[in-house]
Amino acid sequence: MGMIRSAAFNIAFYVGTAVLMIVQSPYYFLASRKNAYRVVVQGWGRFVNAQMRLWAGATFTIEGLENLPDGPCIIAPKHQSAWDTIMLLPWIPDSVFMLKRELIQMPLFGWYLKKQRQIAVDRAQTGRAMADAIARTKAEVETGRQLVIFPEGTRRPPGAAPDYKRGIQRLYRDLGVPVIPVVMHPGLFWPRGSFRRQGGHFKVRILPAIAPGKEPRQFFDQLVETMERESDRLLIETVDANPHLDLPEVTRKRVAELRASDGA
């Protein structure tokens with residue numbers, strides 16, 4: 001039954017997304033960028049969340065929405081799944097992402113990204129090219145948008161050893177806006193590189209902002225310590241609330257370590 005529900009979700013997600021993009025294209029490309037974001041982009045986020053609830057039986061609640069400002073900030077979530085690039089869109093007033101250049105080059109989907117002035121980054125680029133990407137990001141944030149960047153750069157299994165990149169330290173320094181850490185474990189329900197989707201319920205925890213103005217290294221250390229502490233705490237809560245989950249080996253190992261540490 002689980003594989004049938006997973007197949008139903010994948011069909012609904014991929015086919016539904018393609019149909020929505022084609023049907024909504026006339027409105028999307030004729031409307032203003034902000035109206036297109038509110039109607040189409042945020043609507044897509046609601047659509048994907050509904051399909052996960054309907055077909056996979058996976059739901060979530062959000063804690064700490066009061067920590068998410070309407071104005072400019074950097075939102076820094078844990079990154080485990082394709083879902084966490086989509087699921088929070090309905091609650092982010094005007095998001096801008098730094099994303100890999102290959103996505104911008106895709107037909108239709110890339111045109112959608114360009115309409116929203118997303119920031120394409122070549123991960124191999126250095127020096128002037130990266131400085132230009134940061135300058136474009138700063139210009140977007142100064143209009144009141146919320147930059148979404150995953151501090152670890154790429155998707156990692158729940159409970160994996162942290163691997164935070166220093167890029168967010170530079171963005172914190174140059175943009176001069178609050179950073180909002182976000183911890184969650186959607187990777188337990190929509191795993192990376194897997195066809196299977198699992199049902200259950202989890203929490204998204206939006207943590208209090210780290211104010212601008214700190215020494216960049218101090219900020220980075222605080223971000224990592226805060227996110228890892230809260231992520232570990234939430235991992236135990238999520239696993240305990242969903243005993244039916246088939247956990248990856250790295251997750252089982254981390255949960256065992258945390259339980260042993262708590263019992264020591």
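Just so you know, all these numbers are worked out from the coordinates, no wet-lab data involved. Model, not experiment: these values are computed from the prediction. Cβ placement follows ideal geometry from the backbone for every residue including glycine, while neighbour counts extend to all protein chains displayed.
Some points to look at:
- Debye log10 I(q)/I(0) at q = 0.16, 0.17, 0.29 Å⁻¹ for segment 198-261, Cα point scatterers: -0.65, -0.71, -1.29
- Computed Rg/Rh of segment 157-264, alpha carbon atoms with Kirkwood Rh: 1.02
- Farthest positive-ward along the chain dipole, Cα basis, beta-carbon charges - from 96, 239, 68: 96
- Dipole magnitude of segment 48-111 about its Cα centre (Cβ charges: Lys, Arg +1; Asp, Glu -1), debye to nearest 20: 280 debye
- Backbone amide hydrogens, once placed in the peptide plane, bring residue 58 within less than 5 Å of 53, 200, excluding anything fewer than 5 places away on its chain.
- Cα shape, segment 1-67, gyration tensor, a/c 1.5 rule: oblate
- The order of 201, 244, going from fewest to most other C-beta atoms within 10 Å of their C-beta, is 244, 201.
- Evaluating 6.51 cos²θ - 1.76 cosθ + 1.60 at θ = phi - 60° for every residue in segment 56-73, the Karplus couplings come out as 9, x, 9, 10, 8, 10, 10, 10, x, 4, 5, 7, 9, x, 7, x, x, 6 Hz, glycine and proline recorded as x.
- For segment 60-245, diffusion coefficient by Stokes-Einstein and Kirkwood Rh (Cα), 37 °C, 0.692 mPa s, µm²/s: 192 µm²/s
- Listed from fewest to most Cβ neighbours within 10 Å, the set 232, 246 follows the order 246, 232.
- Listing 254, 136 from fewest to most neighbouring C-beta atoms within 10 Å gives 136, 254.
- Cross-link pairs beyond the 32 Å C-alpha cut-off, checked among 115/214; 78/138; 114/253: 115/214; 114/253
- Helix-only mean residue ellipticity at 222 nm for the chain, each DSSP H run of n ≥ 4 adding -39500 (n - 2.57), per residue, nearest 500: -14000 deg cm²/dmol
- The phi-based Karplus calculation (6.51 cos²θ - 1.76 cosθ + 1.60; θ = phi - 60°) puts the 3J(HN,Hα) values of segment 141-150 at 5, 5, 7, x, 7, 10, 6, 9, 9, 8 Hz, whole numbers, x for Gly and Pro.
- Its Kirkwood hydrodynamic radius, worked out from the mean inverse distance over all distinct Cα pairs, puts segment 87-177 at 14.2 Å.
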